[in-house]
Amino acid sequence: MDLITHEQRQALRKQVRKCRQQLSINDQQQAAIDLCQQLIQQPSIINAQTISVYLANDGEISLEPFIQWCWQQNKKVYLPVIHPFSSGHLLFLHYQQTTTLVANKYNILEPKLAVTNVLPFNQLDVLIAPLVAFDAQGNRLGMGGGFYDRTLSSWHNQKILSEQVHLSPIGVAHDCQLLTAIPSQHWDIPLPQIITATKHYSW
Ligand SMILES: Nc1ncnc2c1ncn2[C@@H]1O[C@H](COP(=O)(O)OP(=O)(O)OP(=O)(O)O)[C@@H](O)[C@H]1O
Ligand SMILES: [Mg+2]
């Protein structure tokens, strides 16, 4: 990537992360409830048995109310875990009320790695992706690790080949994370749906 694009992306990350970090506790709680209301009306979520979520960090919109709803509905919930050997990749581990969580290298809580709790990626019905910024075309800017781009690349390639794809990726964000345009790179995977507390974008 050229230096200018890299610096533009870093500047956008800094700007948008600040906007979400400055939201009040009340705004955060209301946004999480409103987001949950929207998510639970999505056919892909209603029909899903396995859903990957995340634990909010850095002012990200919280999925706590949604996770509680999933548990009540007996849907199986998964959290991303940094792969121990395959650099830059994620594993998806079962997340229950009783799951022991440990902090990873980014200080984000994740389930303690146990092979029996890993779900093969192709068995996920819905993947809820966090993001730093998005635009009205579905372009996504993350925290800069490329984790979700790598995770979604096989899904994206299958879709391009018009193969039957099972997974529904859904990006979620605060409304203030919408930008006019994102300087995307060839490896960035755009999302087919992004849901905020007030809006539902789909492409
Ligand atoms: N499919 C891929 N294979 C190999 N490297 C990749 C892939 N996708 C992204 N990368 C690399 O990951 C790095 C970070 O990518 P990028 O800046 O797009 O992260 P991001 O989308 O903000 O992060 P994340 O996906 O974790 O939210 C880049 O150097 C990029 O080359
Ligand atoms: Mg990216």
ask   = So which strands (runs of 3 or more DSSP E) are wholly in the stretch 1-120 and hold at least 1 residues that are more than 17 Å from the chain's Cα centre (by Cα) and β-branched (Val, Ile, Thr)?
value = 101-103
inquiry  = Against the conditions (1) more than 10 Å from ligand 2 (Cβ to nearest atom); (2) closer than 19 Å to TRP203 by Cβ; (3) not aliphatic (A, V, I, L, M), where does ASN117 fall short? Just the number, please.
reply    = (2)
ask   = Which residue pairs have Cβ atoms under 7 Å apart, sit 6 or more places apart or on different chains, and have a first residue in the stretch 136-153 that is closer than 18 Å to LEU12 by Cα and a second that is near ligand 2 (Cβ under 9 Å from one of its atoms) and of a type in the set (Lys, Arg)?
value = LEU141/ARG9
request  = Pairs only if they're at least six apart or on different chains, beta carbon under 9 angstrom, first in the stretch 164-177 and of a type in the set (Val, Ile, Thr), second at pLDDT below 95; list them, first residue then second.
outcome  = VAL165/GLN158; VAL165/LYS159
note = Scanning the stretch 108-127 for residues that are touching a residue at least 24 places away in the same chain (Cβ under 8 Å) and farther than 30 Å from GLU163 by Cα gives ILE108, LEU109, GLU110, PRO111, LEU113
query = (1) out of contact with any helix residue (DSSP H, G or I) (no Cβ under 8 Å at 6 or more places or on another chain); (2) within 10 Å of ligand 2 (Cβ to nearest atom): which one isn't true of GLY138, the others all being true?
reply = (2)
key: Residue ID - farthest from ligand 2 (Cβ to nearest atom), chosen from residues in the stretch 173-191 that are in a loop (DSSP other than H, G, I, E, B) and surrounded by 20 or more Cβ atoms within 10 Å (Cβ to Cβ)   = HIS174
inquiry  = So GLU110 passes all but one of these: (1) away from ligand 2 (no atom under 16 Å from the Cβ); (2) within 19 Å of ALA48 (Cβ to Cβ); (3) surrounded by 14 or more Cβ atoms within 10 Å (Cβ to Cβ). Which condition number does it fail?
reply    = (2)
message = Filter the stretch 147-172 down to the residues that are of a type outside the set (D, E, K, R), crowded, with 16+ Cβ neighbours inside 10 Å and within 6 Å of ligand 1 (Cβ to nearest atom) and list them by number.
response = PHE147, TYR148
query = If you check LEU161, LEU191, which single one turns out to be aliphatic (A, V, I, L, M) and within 14 Å of the chain's Cα centre (by Cα)?
reply = LEU191
note = Residue set PHE85, PHE92; condition surrounded by fewer than 16 Cβ atoms within 10 Å (Cβ to Cβ) and aromatic (Phe, Trp, Tyr); output residue PHE85
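Can you tell which of ASP135, ASP188 is modelled with pLDDT of 95 or more, within 28 Å of GLN30 (Cα to Cα) and acidic (Asp, Glu)?
ASP135
Per-residue answers, yes or no, for (1) more than 15 Å from ligand 1 (Cβ to nearest atom); (2) farther than 30 Å from ILE4 by Cβ:
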{"residue": "ASN104", "(1), (2)": "no, yes"}
{"residue": "ALA114", "(1), (2)": "yes, yes"}
{"residue": "ASP125", "(1), (2)": "yes, yes"}
{"residue": "ILE128", "(1), (2)": "no, yes"}
{"residue": "LEU178", "(1), (2)": "yes, no"}
message = Being away from ligand 2 (no atom under 16 Å from the Cβ) and modelled with pLDDT under 95 narrows it down to one residue among ILE170, ILE128, ILE160; which is it?
response = ILE160
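The values are calculated or read from the model by the stated rules, or taken from the named source; none is laboratory data. On a predicted model such as this, the values are computed, not experimentally measured, just so you know. Note that each Cβ is placed from the backbone with ideal geometry, even for glycine, and that neighbours are counted across all protein chains shown.
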